[in-house]
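Heads up, the thing below is written out as structure tokens.
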Amino acid sequence: MLLAPAVGTLFLWMIVPLVMTLYFSVVRYNLMQPGPTEFIGLANFHYFVTDPDFGPSVINTLLLLGSVIAITVLLGTGLALLVNEPFPGRGIVRVLLISPFFVMPTANALLWKHMMMNPIYGVLAQVSQFFGLAPIDWLTDHPLLSVIVIVSWQWLPFACLIFMTSLQSLDREQMEAARMDGANALQRFWFLTMPHLGRPVAVVIMIEMIFLMSVFAEIFTTTGGGPGNASTNVAFLIFKQALMNFDVGVASAGALFAVVLANIAAVFLIRLIGKNLDK
Amino acid sequence: MTRTDILPLAVRTVSAWTATLLIVFPLLWLVLTAFKTELQAIQVPPQLFFTPTLENFGEVQQRSDYLLFAKNSLITSLGSTILGLLIAAPAAYSMAFFRTRRTRDVLMWMLSTKMMPAVGALVPIYVLAQTSGMLDTLTGLTIVFTMSNLPIMVWMLYSSFKDIPPEILEASRMDGATIWGEFRHVILPLGMGGLASTSLLCLVLSWNEAFWSLNLSSAKAGTLAALIASYSSPEGLFWAKLSAASLMAIAPIVVFGWFSQKQLVQGLTFGAVK
């Protein structure tokens, strides 16, 4: 009975949009073309999947997800190890390190777009000029890479924060014993630290997947998916169809596709945490 | 000096500080730019020393009504947190203490709704909001924020309630406590940590939420995330103002985050990382 409100509202939140999306996806429904909506079968799906932007957008989604996860996990582990032992100013370093995570995506994206990556006045351009290199127009020449950098900058602190917390609970006596037995630093890392980090890494990957599957604001405010489709992911493609081309039908077909894509990932993830839950 | 040292203290200190400063550099730059004039902001080479000015902050307020957006952000964040707690807490309570065979399935199902990309629901939610007159209203945004955070809230509360020993509840029930009394006198005090971290996380997520606020709100109910996005036009002539606006939008939540990072880790990882 106490469960009812949560289950009820969540069920509505899920099922109503899903049913509506299903319905929209099989009718002709374009906000710019008034007139009765008519049943057109799977034409919307066909249109969405054969859209020349479709293939690249799927690849971009996966590239973005994979790169950000790889970067944040690897660098995050390194950073966490670096600040794990006490040193002067460690408290301040910790606080500074996690700050980018609390910056809202739109502010983060614009900060990078203008102040960092601008080819004339941006800091990165100035740095490369200082070294006598030609400045790079990041957002035009490497749009997807730029988005990856921006998103990674936001999520690196998150991964780092979780690894730092986890490292604190590493058994010190066990470490000491291993050292006494003659294990070198690399061996200690490999046989003690790594297994200990297994669980936090899984958690970080899971949470990042939830949030990064549909990166939107960062693309919306920086590249607008371009140039061309170079930084369009599935989420942004659907948005373009719905609110820029006003084609509700096609957008809905795309949305269903995104749901399927997400569910494939979800099945895999739920298994992973399902195991953790029983512990 | 600990004995597990691999690198000498000096090397570690220097490298940790270098890495940290590199990572926060964009933020420091933002703060610096916010106090420059527009001309100084785009000067080559950039100026590190200058007379700080406060004019950008005044102008941001004047030109785009910062306070209105800040108020919207505050209302939607707080509103969705409170609403979410009201719905999630009873659910988490009943799942944690009256486990059935289906409890696990329900939890998994809830999490799976969160894995659905928001964009999948964009069209229907947009159409629903439009037909019900909720488009660009604070009520509409609050409801949407609540729903998108609800699965995480239920999960976090569930994992913190689960750590309360059921014997205590048993005892209070023997003493004749009603469900409400039990909730107030046992769960609330014991689950305070979980409730706090859940609220903190929900506040941060709602404050920074950009997808729904960009798509469902504009002039009236726009949040700070949407205000900042409106500064995205390509000319590089207003960096100082952009920085000032960004600084005002992120400062409250970043400072808030500093104080609550411990609880946030516990919460975000469903207590799986301690």
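Every number in this text was worked out from the coordinates using simple rules, so none of it is lab data. Keep in mind that this is a model prediction, so the values were computed, not measured. Cβ: placed from backbone, ideal geometry, glycine included. Neighbour counts: every protein chain shown.
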If N is the residue count of chain A, its Cα Rg over 2.2 N^0.38 Å rounds to 1.24
Protection proxy (average C-beta count within 10 Å per residue), highest first, orders A:247-260, B:49-62, A:132-145 as A:247-260, A:132-145, B:49-62
Reach of B:Lys220 by Cα under 18 Å, taken over aspartates and glutamates that are not fewer than 8 positions away in the same chain: B:Asp65, B:Asp136, B:Glu209
Residue by residue, what Karplus-based ³J(HN,Hα) values in Hz, rounded to whole numbers, does the stretch A:14-24 have, using 6.51, -1.76 and 1.60 with θ = phi - 60° and x for Gly and Pro? 8, 7, 4, x, 5, 5, 4, 4, 4, 5, 4
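Find, to one decimal place in angstroms, the Kirkwood hydrodynamic radius of the protein assembly as shown, where the mean of 1/r is taken over every pair of different Cα atoms and then inverted.
25.0
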Using distinct alpha-carbon pairs, which all enter the 1/r mean, Kirkwood radius of the stretch A:136-210 in Å: 14.8
CD proxy at 222 nm, helix term only [per DSSP H run n ≥ 4: -39500 (n - 2.57); per residue of chain A; nearest 500]: -21000 deg cm²/dmol
Filtered hits (aspartates and glutamates, Cα-Cα < 19 Å from B:Lys162, offset >= 8 within chain) -> A:Asp278, B:Asp105, B:Glu170, B:Glu182
Averaged over residues of A:212-218, the number of beta carbons from other chains lying within 10 Å of each residue's Cβ is 5
Averaged across the residues of A:79-88, what count of C-beta atoms belonging to other chains lies within 10 Å of each residue's C-beta? 6
Rounded Å value of the spacing that divides the Cα centres of the stretch A:83-150 and the stretch B:144-208: 39
Between helix B:122-131 and chain B: long-axis angle, C-alpha atoms, 0 to 90°, nearest 10: 90
Only helices counted: for chain B, with every DSSP H run of 4 or more residues adding -39500 (n - 2.57) and the sum spread over all residues, [θ] at 222 nm is -22500 deg cm²/dmol
Test item: Cα-centred dipole of the protein assembly as shown, Lys/Arg +1 and Asp/Glu -1 on Cβ, debye: 860
In debye, nearest 20: dipole of chain A around its Cα centre with unit charges on the Cβ of K, R (+) and D, E (-)? 420
If you build the convex hull over the alpha carbons only and average its shadow over all orientations, what do you get for the stretch A:1-113? Give it in nm² to one decimal. 14.1
Pull out a ≥ b ≥ c, the square roots of the eigenvalues of the alpha-carbon gyration tensor of chain B, then state rounded if a/c is under 1.5, prolate if not and a/b is larger than b/c, and oblate in the remaining case. oblate
Peptides ranked, highest mean first, by Cβ atoms within 10 Å: ranges B:117-130, B:26-39: B:117-130, B:26-39
